[in-house]
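In what follows, a structure is listed as structure tokens, so that the remarks can point back to it.
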Amino acid sequence: MRDFSGALRQMSLNTATVRRQSDLLGIIEACARHGIPAISPWRDQVAAVGLGNAGRAIRQAGLKLSGYCRGGMFPASGEHLAAAHDDNRRAVDEAAALGAPCLILVAGGLPQFSRPGSHASKDLGGARTMIEDGIGRLLEHARTAGLPLAIEPLHPMYAADRAAVNTLAQALDIAAKLDPGQTGALGVAVDVYHVWWDPDLQAGIERAGREGRLLAHHVCDWLVPTKDLLNDRGMMGDGVIDLPGIRAAVEAAGYDGLCEVEIFSNHWWSEPIDAVLTTCIERFQTVV
């Protein structure tokens, strides 16, 4: 397993971690100042400062990218289906323009939650079919752009409104069906917050490695109790996830990319940006 105790060359910061403290340009400056070598920006943050400005700031700061957040939310009905596809094509184009190594896909849940205005539905199986169809359509455009897509399975508590792809095995089955040649165009993101509970996680990570589909690895922690299902992720080391164990499995399966800190937390959003980044670095070096 790689040694994270010294230099930060393997660390990336998902910019949602400090999204309430600053705009993207301020986050880029703060990361450069703290010696964090890479980021994974969100589309709304990029849009707020402009794609060109974001790209220039990233390059001038000498930062790498570990991904781009996010595409997906595929389930939709009526005219919202075309809008979903167009929006995802734009996400691919933005990620390619920034030089991101992959576009993270959060699949979406039932149509009325994934795309407001879509018809209400309780058909979870139908939503999963829409997800597969949507990824298949997007994959053609992503191949043309030379941009890999990373399906991120989310914890089952998000199945209705955020992602009906909930296990690594599900994500890998979709990737195997749509990219049977294992071309590297379609893979998975292993976010510990969403997969740590899965009894088949080890087998899924090993399979992802064999199939060459490990595109991203995200870390945070699971607090007990969790006060908010979306915005109460823990700082690494404050919860119950076996972070070194999962990283060891991911690296043993062949992943040698950046390790991305991604924390949605009302608590940490209330702290000064420098305090948050200092803590992220300390925990990255000691408990991840």
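Computed values, structure above
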item: Considering only the stretch 174-288, percent of DSSP beta bridges that pair antiparallel, nearest 5; result: 20 percent
item: Helix-derived mean residue ellipticity, 222 nm - over the chain, DSSP H n ≥ 4, -39500 (n - 2.57), to 500; result: -13500 deg cm²/dmol
item: Dipole moment magnitude, nearest 20 debye, the stretch 20-164 about Cα centre, only Lys, Arg, Asp, Glu C-beta charged; result: 360 debye
item: 0 to 90° range, to nearest 10: angle between helix 24-34 axis and the chain longest Cα axis; result: 40 degrees
item: 0 to 90° range, to nearest 10: angle between helix 79-98 axis and the chain longest Cα axis; result: 40 degrees
item: Using alpha-carbon coordinates, inclination of helix 243-252 to the longest axis of the chain, degrees; result: 70 degrees
item: q = 0.08, 0.19, 0.21 Å⁻¹: log10 I(q)/I(0) that the Debye formula gives for the stretch 143-288, counting C-alpha atoms only; result: -0.23, -1.15, -1.32
item: Unit charges at the beta carbon, dipole of the chain: most positive-side option, M157, V46, L214; result: V46
item: 5 angstrom amide H check on K64, placed H, neighbours 5+ away; result: A38, I39
item: Cα extents of the chain along the three principal axes, largest first (Å); result: 48, 42, 39
item: Convex hull volume of the stretch 77-142 per residue (C-alpha atoms, cubic angstrom); result: 78 Å³
item: Total charge dipole magnitude, the chain, about the Cα centre, Cβ charges on Lys, Arg, Asp, Glu only, Debye to nearest 20; result: 480 debye
item: Qualifying trypsin sites (Lys or Arg not before Pro) for the stretch 66-160 [loop in DSSP, other Cβ within 10 Å: at most 14]; result: K122
item: Charge dipole of the chain about the Cα centre (unit charges at C-beta), most positive-ward option of P75, V261, A7; result: A7
item: Taking the C-alpha atoms of the stretch 196-246, convex hull volume expressed per residue in Å³; result: 92 Å³
item: Size descriptor, Kirkwood hydrodynamic radius, that averages inverse alpha-carbon separations across the stretch 237-282, Å; result: 12.6 Å
item: Two-decimal Rg/Rh across the stretch 17-147, once Rg and the Kirkwood Rh are taken from alpha-carbon atoms; result: 1.04
item: Leading residue at positive end of dipole, the chain (Cβ point charges), from Q60, T17, L124; result: Q60
item: Length-normalised contact order of the chain in % [C-alpha pairs under 8 Å, at least 6 apart]; result: 20 percent
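Taken together, the values in this text are just the output of simple stated rules run on the coordinates, not laboratory data. These numbers were taken from a predicted model, which means no experiment stands behind them. As a convention, Cβ positions derive from the backbone with ideal geometry for all residues, glycine included, and neighbour counts pool all protein chains shown.
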